[in-house]
Amino acid sequence: DFGRSSELAFVVEPSDDIAVQEQPLILYCQVEGIQPITITWRKNGAMIVDSENAFMLANGSLYLSRFQRLRGDGSSDEGEYDCMAQNHYGLVVSRKAKIQAATMSDFHIHPQNAVVEEGGVARFQCQIHGLPEPVILWHKNSMPVNTDNERYTLLPKGVLQITGLRAEDSGIFHCVATNIANVKFSREARLTVSGSHSTVYKDPMILVGPENLTLTVHQTAVLECIATGNPRPIVSWSRLDGRPIGVEGIQVLGTGNLMISDLTVQHSGIYVCAANKPGTRVRRTAQGSLVVQAPAEFVQHPQSISRPVGTTAIFTCVAQGEPPPQITWLRNGQILETSDHIKLKNNNSTLSIYGINQADEAIYQCLAENSAGSTQASARLTVLWADGLPSPPQGVRAETVSATTIQVSWEKPLQNTKEIIGYVLHIRKAADPVEMEYQEAVSKSTFQQLVTDLEPSTSYSFYIKAYTSRGASKASEVTVVSTLGEVPAMPSLFIKVINSTTVQATWEPSIKLGQHEGFKLYYRKVHLSQYTGPVLLASNITAYNITHLDASVVYEVKLLAYNQHGDGNSTVRFVSLRETVERTAVLNPPCDCMKDEQNNKTSTTGIIIGIHIGVTCIIFCILFLMFGYRGRLLMCKNVQEQLSTPQIPRSQRSATGLVLNGATRRDRDDRDLNRKQLDMNELERLFPASPSQEQQEKGITLAHSLSAPHDETQISTLPLDEFSIIEEQPDPLPKNPHVSSVAAPALDHGPANEG
């Protein structure tokens with residue numbers, strides 16, 4: 001009983017049919033339900049009046065005594081027929097039945113003469129249109145072709161294939177087309193089989209490939225593929241999408257034609273015919289598409305329901321088919337018009353009726369239709385109404401309290417108020433559909449309700465219903481009122497210091513701000529009363545740089561959002577640039593590199609002097625290596641303010657010693673046992689040339705003092721500005737010179753001499 005209303009429903013509906021000219025035709029229609037039931041018929045939407053040619057039988061079927069495709073007055077019995085049934089519960093309409101006249105045209109393709117060598121393939125074809133589809137048979141020499149011969153293949157579309165031709169296959173062929181409308185014969189064609197079987201190699205070739213077909217489920221599809229070649233090619237089939245063709249209902253006709261019986265939608269696809277040369281990969285292909293349509297059918301039928309007045313009724317109707325069906329709803333046989341309280345959703349699969357009343361009580365039909373067929377299902381809506389229900393509440397008023405609040409008040413109904421158990425306030429944005437409505441329950445002794453959490457500058461509609469244990473009253477009159485406008489909320493503000501004169505104000509856009517047209521930015525020195533601004537910024541701006549500020553004072557920055565209703569509350573931030581300046585000074589201290597006798601020179605001069613010193617050192621090294629001069633030691637001294645190396649009397653210096661970290665000669669003597677000795681041979685290897693006495697007496701002293709105790713280490717850099725060259729008078733060297741080793745600083749010595 002799915003899809004049927006028990007009060008009124010179809011048991012048998014008219015179906016599509018093909019009628020024969022001048023022959024009678026019956027269209028069946030059977031209805032069940034609560035009597036009395038009236039049945040009427042329509043053709044192409046117009047009522048059929050009983051006449052001698054067309055009248056209704058006692059069981060409700062329509063009888064056409066002499067079907068006429070075309071009458072003298074231009075009318076025709078062809079068209080779409082449906083029957084309607086009605087009782088006091090409502091009216092239903094059957095599916096549409098398409099009635100066509102049986103016809104047959106002339107052949108538009110006739111078989112052609114053919115001359116084919118022995119062992120080859122012959123193909124004859126004839127085509128003709130007709131309703132129903134004509135059955136085509138072949139005759140050879142005026143006798144039906146022997147279909148038991150496996151070399152002869154007859155295809156449903158009027159094709160005759162003959163493979164492995166022999167001399168006895170020669171003859172005269174024609175086809176005969178038959179249906180309920182007529183029988184027709186094609187022209188004749190002669191087949192001549194010439195010569196003997198050739199052994200010359202021929203590449204595979206597809207003579208005729210598959211056609212594009214559009215069929216309906218449960219029909220049979222025949223995809224033709226005939227190929228020639230020497231040796232005889234092997235014909236195979238596949239799907240272009242790679243899916244398997246399957247085996248159920250699949251059959252090969254002749255040498256390569258594919259027949260698929262009992263079609264389903266899953267058989268739709270592109271089929272590829274391949275002709276392969278045996279034992280090789282040489283192949284030829286042809287392809288054709290198969291489209292399988294399925295008439296509309298219901299997956300879920302609408303169900304009859306009963307609902308109290310004022311509630312919501314929902315019908316669901318889900319249909320499938322190929323192509324996907326279109327769904328149409330009828331109310332008592334008429335196309336249903338949508339309105340504020342009647343809505344269709346989910347591609348018309350769901351019918352919702354809001355706030356139902358007695359006028360909505362009817363039989364509702366779901367009609368699903370596509371190019372392959374149509375179907376219908378019906379359901380009845382019963383509206384429950386109890387006597388003695390309250391009348392609608394009176395005097396509904398709504399007053400705006402704020403941008404988000406409205407107060408609604410009303411008066412109790414005029415009639416049947418004793419059984420009232422409460423009221424329900426129905427709330428909806430005026431611009432929203434009815435299904436967006438929501439409700440708030442109110443006690444029976446309360447006649448006003450404060451509705452909160454509304455949107456600013458928005459219109460709302462309100463109505464009230466009084467409820468009893470037996471049902472609800474009718475709805476009160478609807479009142480519409482708008483909330484007040486609202487200024488934007490406070491924006492989030494962040495301040496970032498860019499440099500000593502610039503800060504960046506940033507903020508985040510947020511829906512919490514509400515409707516806003518832009519921002520206003522102010523700033524000032526905190527000790528002043530006057531702001532700079534406002535700086536007007538568009539609503540899509542989220543950052544602004546404030547420049548030319550004074551680093552020595554604190555600034556106040558203020559930001560607010562505004563709209564047509566005014567300015568919102570502001571967000572205030574304070575910022576000081578002084579810390580940034582001080583931090584920059586600590587991280588980048590000034591370089592005071594000259595505190596000795598050259599303190600009056602600029603850093604640029606020091607750099608130039610350092611470069612000259614470096615170049616001079618390089619020249620000395622080159623001369624030293626080239627000529628083997630024994631120069632005095634190069635002394636580079638650190639001239640920092642707290643470090644100064646004193647001049648050691650010449651009498652206390654060793655001509656061949658190196659003073660390290662301010663150690664005295666007496667300290668070195670104490671550590672003589674730890675020194676490494678260099679013999680004369682090593683010295684001569686390093687300095688092969690014999691320098692002059694004057695050059696041997698020149699030296700360079702490097703003084704670098706570590707004045708900290710042994711458990712602390714001070715490391716200082718030595719800029720180029722702090723290098724100087726000290727020339728000293730030559731000292732006579734001993735006759736057998738001895739080179740002292742470099743003295744390593746002892747870990748337990750006392751504080752070094754400052755200098």
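The values are calculated or read from the model by the stated rules, or taken from the named source; none is laboratory data. Keep in mind the model is a prediction, meaning the values are calculated, not measured. Every residue, glycine among them, receives a Cβ derived from its backbone with ideal geometry; neighbour counts consider all protein chains shown. Only protein heavy atoms, including side chains, enter the accessible area calculation; ligands, DNA and RNA are left aside. Shrake-Rupley method; radii C 1.70, N 1.55, O 1.52, S 1.80 Å.
The figure for VAL247 is an accessible area of roughly 130 square angstrom, using a 1.4 Å probe on the protein chains alone.
Applying 0.36 nm per residue to the separation of VAL299 and VAL265 and subtracting their alpha-carbon distance, the gain on full extension is 10.6 nm.
Restriction of the trypsin sites (Lys or Arg not before Pro) in the stretch 235-339 to DSSP coil positions whose beta-carbon has at most 14 other beta-carbons within 10 angstrom yields ARG281.
Tally up the carbon and sulfur contribution to the accessible surface of the stretch 301-384 as a whole percent, 1.4 Å probe, everything protein left in place.
Here carbon and sulfur together make up 44 percent of the probe-accessible area.
The listed residues ARG232, ARG380, once ranked by accessible area (1.4 Å probe) with the largest placed first, stand as ARG232, ARG380.
Across the protein chains, with a 1.4 Å probe defining accessible surface, the residues MET56, MET84 rank MET56, MET84 from largest area downward.
Count the net charge of all other residues whose Cβ sits under 11 Å from the Cβ of VAL292, scoring Lys and Arg as +1 and Asp and Glu as -1.
-2
Computed over protein heavy atoms with a 1.4 Å probe, the accessible surface of the stretch 301-384 works out to 43 Å² per residue. Below 11 angstrom from the Cβ of LEU450, what's the summed charge of the other residues (Lys, Arg +1; Asp, Glu -1)? So the environment of LEU450 carries a net charge of -3. Computed with a 1.4 Å probe on the full set of protein chains, the accessible area for SER391 sits at about 20 Å².
Against the empirical curve 2.2 N^0.38 Å, the C-alpha radius of gyration of the stretch 301-384 lands at a ratio of 1.08.
From the largest down, the stretch 9-101 spans 42, 22, 21 angstrom on the principal axes of its Cα atoms.
For the stretch 408-555, give the percent of accessible area contributed by carbon and sulfur heavy atoms, probe 1.4 Å, rounded to a whole number. Answer for the stretch 408-555 is 51 percent, counting heavy atoms of protein chains only.
Here is the link list: LYS157/LYS184; LYS343/LYS474; LYS43/LYS343; LYS418/LYS474. Which ones come out longer than 26 Å on Cα distance? Exceeds cut-off: LYS43/LYS343.
Under the combined filter of DSSP loop state and at most 10 neighbouring Cβ atoms within 10 Å, the stretch 141-246 retains these chymotrypsin sites (Phe, Trp or Tyr not before Pro): TYR201. In the context of the full set of protein chains, the stretch 494-577 has a per residue accessible area of 56 Å² (1.4 Å probe). Per-residue SASA remark: ASP106, around 110 Å² accessible (1.4 Å probe; ligands, DNA and RNA not included).
The distance from the alpha carbon centre of the stretch 133-160 to that of the stretch 388-467 is 81 Å, rounded to a whole number. For the stretch 494-577, the equivalent ellipsoid built from the Cα gyration tensor has semi-axes of 24, 14, 10 Å, listed from largest to smallest. For the stretch 109-176, the per residue solvent-accessible surface stands at 48 Å², with DNA, RNA and ligands left out and a 1.4 Å probe. Between the listed residues TYR63, SER15, VAL92, the Cα displaced farthest toward the positive end of the dipole of the stretch 9-101, a dipole computed from Cβ unit charges relative to the Cα centre, is found at VAL92. Using the Cβ-Cβ distance between VAL183 and VAL12 with R0 set to 25 Å, the FRET efficiency from 1/(1 + (r/R0)^6) comes to roughly 0.15. Note on the stretch 393-482: Kirkwood radius taken over Cα pairs, Stokes-Einstein applied at 10 °C and 1.306 mPa s, translational D equal to 119 µm² s⁻¹.
When HIS426, HIS548, HIS129 are compared by accessible area at a 1.4 angstrom probe, the order from most to least is HIS548, HIS129, HIS426.
Averaging Cα coordinates gives a centre for the stretch 287-335 and one for the stretch 233-269; these two points are 33 Å apart.
The local environment of GLU118, defined by Cβ-Cβ distances under 12 Å, has a net charge of -2 under the rule Lys, Arg +1 and Asp, Glu -1.
Net charge dipole, the stretch 309-390: roughly 100 debye, given to the nearest 20, about the Cα centre with Cβ charges of +1 for Lys and Arg and -1 for Asp and Glu.
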